[in-house]
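Following: one structure in structure tokens, then a few remarks.
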Amino acid sequence: MVPEIHVLPDPVNFTLQLLATLVLFLVIRHFLWDTVKDFLNKREESIQSDLNEAESKKVEAMKLKEQYELKIEEAKGEGKEIIESSRKRATDMKEDIVNEAKKESNNMINRAKKEIEREQTNAKMELKNEMVEIAMLAASKVIDKNLDKDAHAQMINDFIDEVGETKWQN
């Protein structure tokens, strides 16, 4: 037995299948088409809404990013200003300290000069007094008589004042 091979479909079966498919299509279209169409439209609207929302969020995120970048730049600028201000204050403090040290050293030098002048004046006075005493001793030995000590001292002081001042100032 050899099987029969049919290239063309059986017209009765073909017509019945075509009719069944058409009826099934009409039933589905009548009962389900609007529901499926509404579902697909809602799905499309939902997807479009999500895309629009994503786009707006992207734009908002870009704006926030720009704002944050501006704030970062401002913070960097403020940081640089603070550093520069600190450097200036440090420089000013350094200059103040140096100026104060210079003033203090000048004051010390001036006090030392005044102390030296005072010591020189004291030394001159002591030397003058010693010279007066030596002159009185020498005069008393030369004259060999005692004059009034106060009158003699006054006479020697006058002599030293007249002659000696020019030598002391050199």
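Excluding ligands, DNA and RNA, what is the solvent-accessible area per residue of the range 6-147 at a probe of 1.4 Å, expressed in Å²?
Numbers: 13370 Å² over 142 residues.
Heavy-atom SASA per residue in the range 6-147 reads 94 Å².
May I ask you to list the lysines whose Cα is less than 21 Å away from that of LYS124, ignoring any residue fewer than eight positions away on the same chain?
Partners within reach: LYS113, LYS114, LYS167.
Name the lysines eligible as straight-distance cross-link partners of LYS57: C-alpha to C-alpha under 20 Å, and not fewer than 8 places from it in the same chain.
Leaving aside lysines fewer than 8 places away in the same chain, those within reach of LYS57 are LYS65.
Given R₀ = 25 Å, FRET efficiency for ALA151-ASN122 by Cβ-Cβ distance, to 0.05? The partial results should precede the final answer.
Working: r = 26 Å, r/R0 = 1.06.
After rounding, the FRET efficiency stands at 0.40.
Return the carbon/sulfur percentage of the accessible area of the chain, one whole number, probe 1.4 Å, all protein chains in place. Mind showing how you got there, number by number?
On the way: 9590 of 16020 Å².
Ligands and nucleic acids excluded, carbon and sulfur give 60 percent.
With label points built 7 Å along Cα→Cβ from the Cα atoms of LEU40 and THR91, find their separation and express it in nm.
7.7
Can you match Cα extents along the principal axes in Å to one of these, (i) 76, 34, 26; (ii) 189, 44, 20; (iii) 81, 40, 33, based on a calculation from the structure here?
(ii)
Run the reach check for LYS63 against lysines, Cα to Cα strictly under 19 Å, same-chain hits fewer than 8 apart removed. What comes back?
Candidates past the 8-residue exclusion: LYS71.
The values are calculated or read from the model by the stated rules, or taken from the named source; none is laboratory data. Because the structure is predicted, anything quoted here is derived from the model rather than measured. Virtual Cβ from ideal backbone geometry, glycine too; neighbours counted across all protein chains shown. Surface areas here come from the heavy atoms of the whole protein model, side chains and all, with no ligands, DNA or RNA. Shrake-Rupley method; radii C 1.70, N 1.55, O 1.52, S 1.80 Å.
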